[in-house]
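The values are calculated or read from the model by the stated rules, or taken from the named source; none is laboratory data. For clarity, every value in this text was computed on a predicted model and none was experimentally measured. Here the Cβ is made from the backbone with ideal geometry for all residues, glycine too, and neighbour counts use every protein chain on show.
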Amino acid sequence: MDLLKIGGKEISSRLFLGTGKFASDSVIPDVIRASQAEVVTVALRRVDFDDPQENMLQYINKECILMPNTSGARTAEEAVKIARIARAAGCGNWVKIEVIRDNKYLLPDNYETLKATEILAAEGFAVFPYMSPDLMVARQMRDAGAAAVMPLGSPIGSNRGLKTREMVRILIDEIDLPIIVDAGIGKPSEAAEAMEMGAAAVLVNTAIAVAGDPAAMAGAFSLAVKAGRQGFLAGLGEARPYAEASSPLTGFLRDRD
Amino acid sequence: MEFYDLYRKQLGHDLDSFLAGITPGEVSDIINKNRITETGFLALLSPAGQKMLEPMARKAHGLTVKNFGKVIQLYTPMYLSNHCTNECAYCGFNVRNTLGRRTLTIGEVEEEGRIITKTGLRHILVLTGESPRNAPVEYIGKCVRKLRQYFSSVSIEIYPLHTDEYKTLIEAGVDGLTLYQEVYDPEIYDIVHIRGPKKDYTFRLNAPERACRAGMRTVNLGALLGLNDWQKEVFALGLHARYLQDKYPETEISVSFPRIRPAQGGFQPKVTVSDEELVQMILAVRIFLPRVGITVSTRERADFRDNLIRLGVTKMSAGSCTEVGGRLGGEGRDSQFEISDSRSVPEMRSTIQKLGYQAVCKDWLTI
């Protein structure tokens, strides 16, 4: 069976789910079911531990692996504090680091993210840093003890697809950690594309949350991720940038005798 | 350079003839662009834009859902003090008005805070008049520390401060600032602010920037609509938001469009802003600044507020009261202005839900 070994666990679904932006948190159970996701990320800033009725964690199936995220953190220090609060509140030891100092494009700060990754990995967290796809920083994330690397496909919420395709491809080729494409994936076909390239998983939120029928869209993403993964495992033929010459250009080397 | 230096250059331009010259076709071209220039933004505010509200609304709706989801953040105001040394023509707290002046004790602040938390709200906006003697920074800091025990987010809407004072309040637990310039036109500003420290136009105008510099997490700007031609005011407001967004990307910038409401003193607005015009400015700002937050308060009618949800609004007040200690058994006589939407928090939440959106009570945490 094609299991993804990650953060000390083995999981079969390669679609990770985000829980922001939904018209109602009460649709989340249906979305999780339809997506077959096993990993669900939640912004800790949205969780109200003091109000059991409002606590959105109630909508997340206990069998799912919870991956709290540090949305709202502007520095490594803030991300570290949020991660510690999450763990102390019983949210497990997985954490997705989001450090964003740019509210216009919501692009991550790789430097602060790296600092937070170093600190939290040393504290025993399974750290999933969300980052701009940069090979040098990804290597440093790996060396710092990250459980995976989560490069963005395009800016959060933009639904623009895999605009960073070539940079993500380099990470997939060079970094021996699971590469999870996070942010920007707007359509199931784009999720399939990331999986065909060899991404270990994709994380989808906006495209499902704001769809006309979120659960149906979650199902579509689930199929797309499986299809893309199967395509990758089957060994895709190389796409050829030029037509094959019908008479080989080097045929004369064989014809010399 | 501060915002005033940039804005001063705009003041010399003849906006009226530019606005009159824009055609619906030009507005349509701007709507279809991915990036909107400042001139494009101004064109969206033109009379021609009024004829293009539906296509503007479609674009604004799409941008809002993409950037913010189907979510409305709820907050509520708490008035700490109505002591004020200013004579502002339009305001119920005007120093010349006779009203019961009061500043809450820390105990009363806690009591009112406790009442509010029962509604589930976790974001609060505390307000004062401008009276550093009755409500000094130190007092506001104490209130904030107390409220921080009950709320995830505490914002302030108080008199403008110096950078180090903003830092003091941030350390006390403030994470948001709301500060309306009231009117960006300096001449009108001088006329309606008759007396008091608020007469200092540039000190107020540059205050949001000082808050950004101090590390404030969110800053909310606004112009009080009714004091000047709204197109000019909203243009200035948009430029101000864009300026801060570019210069302080760490701070979340949002804007409000408060229309003048009846208040003690009986001030008559110079211009009346219609519902159609308010819609037009919300759409124009959303298209110009897709990531900016847009707040609508209970100044607006319930049915109208409900219709604005799909057009670009991201934050709304609920269960509001504009009187000091209003939730502790006040009589509603000494309010800053009359509210139009008096629905309770549960009513607001269920309405928002019926409209296909989620009302979010908590979206920050104490770290």
Search the stretch B:122-134 for residues that are closer than 30 Å to A:Val47 by Cβ and within 14 Å of chain A (Cβ to nearest Cβ) and pair each with any residue that is among the small types (Gly, Ala, Ser) and in a loop (DSSP other than H, G, I, E, B) when their beta-carbon atoms are under 7 Å apart and the residues are at least 6 apart or on different chains. B:Arg122/B:Ser152; B:His123/B:Ser152
Select from the stretch A:38-59 the residues that are more than 10 Å from chain B (Cβ to nearest Cβ) and surrounded by fewer than 19 Cβ atoms within 10 Å (Cβ to Cβ) and write down the one among them that is modelled with the lowest pLDDT. A:Pro52
The number of residues in the stretch B:53-87 that are within 14 Å of chain A (Cβ to nearest Cβ) and not charged (D, E, K, R) is 12
Among the residues of the stretch A:94-119, count how many are acidic (Asp, Glu), within 15 Å of B:Tyr248 (Cβ to Cβ) and either in a helix (DSSP H, G or I) or facing another protein chain (nearest Cβ under 9 Å) (or both). 1
Quick one: would you say B:Ser342 is in contact with a helix residue (DSSP H, G or I) (Cβ under 9 Å, 6 or more places away or on another chain), more than 14 Å from every other protein chain (Cβ to nearest Cβ), surrounded by fewer than 18 Cβ atoms within 10 Å (Cβ to Cβ) and assigned to a loop (DSSP other than H, G, I, E, B)? yes
Just to be sure before I move on: is B:Arg195 farther than 30 Å from B:Leu328 by Cα, crowded, with 19+ Cβ neighbours inside 10 Å and not aliphatic (A, V, I, L, M) in the structure I sent? no
Can A:Phe22 be described as surrounded by 16 or more Cβ atoms within 10 Å (Cβ to Cβ) and not polar (S, T, N, Q)? yes
Selection status of A:Arg33, among the charged types (D, E, K, R), surrounded by fewer than 20 Cβ atoms within 10 Å (Cβ to Cβ), touching a helix residue (DSSP H, G or I) at 6+ places or on another chain (Cβ under 8 Å) and more than 12 Å from every other protein chain (Cβ to nearest Cβ): yes
Determine, yes or no, whether A:Arg160 is within 14 Å of another protein chain (Cβ to nearest Cβ) and either without any contact (Cβ under 8 Å) to a residue 60 or more places away in the chain or over 14 Å from the mean Cα position of the chain (by Cα) (or both). yes
Show the residue pairs meeting these rules: Cβ distance below 6 Å; 6+ apart or different chains; first residue within the stretch B:338-350 and farther than 21 Å from B:Arg259 by Cα and of a type in the set (S, T, N, Q); second residue buried (at least 18 other Cβ atoms within 10 Å of the Cβ) and at pLDDT 80 or above. B:Ser344/B:Gly319
Helices (runs of 4 or more DSSP H) wholly inside the stretch B:204-289 that include at least 3 residues being of a type in the set (Val, Ile, Thr) and more than 14 Å from chain A (Cβ to nearest Cβ): B:275-288
Of residues in the stretch B:27-52 being in a helix (DSSP H, G or I) and surrounded by fewer than 17 Cβ atoms within 10 Å (Cβ to Cβ), the one nearest to the other protein chains (Cβ to nearest Cβ): B:Glu38
Residues that are buried (at least 24 other Cβ atoms within 10 Å of the Cβ) and more than 18 Å from the chain's Cα centre (by Cα), drawn from the stretch A:60-78: A:Ala73
